[in-house]
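To start, the structure itself, in structure tokens.
The values are calculated or read from the model by the stated rules, or taken from the named source; none is laboratory data. What you see is a predicted model, and the numbers here were worked out from it, not measured in a lab. Neighbour counts run over all protein chains shown; Cβ positions are idealised from the backbone, glycine included.
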Amino acid sequence: MIPLYKKADMTPGTHSLSHDRDHHDTKARILEVAERLFMEHGFSATSLRMITGDAKVNLASVNYHFGSKEALIEAVFNRRLAPLNRERVAQLNRMEEEANGEPLTVEQIVDAFVMSASRMGEGHSDTGMVFLRLLGRTFSDPASNVSSILAKQYSDVVVRFKRAMARALPALPEDELVWRMHFMFGTMAYTNAGMDAIQLIASCESANLEDQLSILRRVSKFVVAGLKAPL
């Protein structure tokens, strides 16, 4: 007799794996849309309704995966900034091991911090570039909860890099080192945020044609010169 319906697949775990994959895909889609909208409109101006509309999910999905808008913002940073900062510290650790107790140069320290971001935006990767622009604009966003998220993400990184920089520049007073590292962070943030200023300064569009790696190399040279500037 020909069956009137197809029997469901009863392979153990099949339904569970499919269910888990659907949930993972939904969560990733929400994160990518939220990341882009936060970059375009800022955290305060981006509503959950905007995110669910672009991600084509309902509000229940956001609540299920994240619980709140604040938790979603934190998840956006955890997804990309946490691995980036781990890579920065790992690169610094490798360099210090190879130096056998000798201080690193300013160039090496800046390279470990700045150039680690190049792989995120390599080849004009859309998602990587979106996050770098979001990260750049975040430093000027007044949202207090975002400031606390950044403080949590950068706390260990700042301690490690400040210690290495102090050894590289032993004659530099601590308060001056703090300011110069502040300018280093600010330079990176402003550059990542976009190319608006260079469009005003440049008389041609050639600057906009540079890839992320070339831009970060320029940033590195600029930052190194500032850190090593005489008092």
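Take the conditions at pLDDT 90 or above and touching a Gly at 6+ places or on another chain (Cβ under 8 Å) and apply them to PHE222. Does it pass?
Details: at pLDDT 90 or above: yes; touching a Gly at 6+ places or on another chain (Cβ under 8 Å): no.
So PHE222 does not fit the description; no.
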Got a number for residues in region 211-231 being under 18 Å from the mean Cα position of the chain (by Cα), surrounded by 14 or more Cβ atoms within 10 Å (Cβ to Cβ) and not in a helix (DSSP H, G or I)? 0
Taking first residues from region 89-106 that are in contact (Cβ under 8 Å) with a residue 12 or more places away in the chain and second residues anywhere that are surrounded by 16 or more Cβ atoms within 10 Å (Cβ to Cβ) and of a type outside the set (A, V, I, L, M), the pairs with Cβ under 7 Å that are 6 or more apart or on different chains are VAL89/ARG160; GLN91/SER116; LEU92/ARG160; LEU92/PHE161; MET95/GLN108; LEU104/GLU96
Determine whether region 191-210 contains at least one residue that is part of a loop (DSSP other than H, G, I, E, B) and either surrounded by 15 or more Cβ atoms within 10 Å (Cβ to Cβ) or at pLDDT 95 or above (or both). yes
Counting only residues that are farther than 20 Å from MET184 by Cα, surrounded by 17 or more Cβ atoms within 10 Å (Cβ to Cβ) and either modelled with pLDDT of 90 or more or of a type outside the set (Val, Ile, Thr) (or both), region 80-130 contains a total of 3
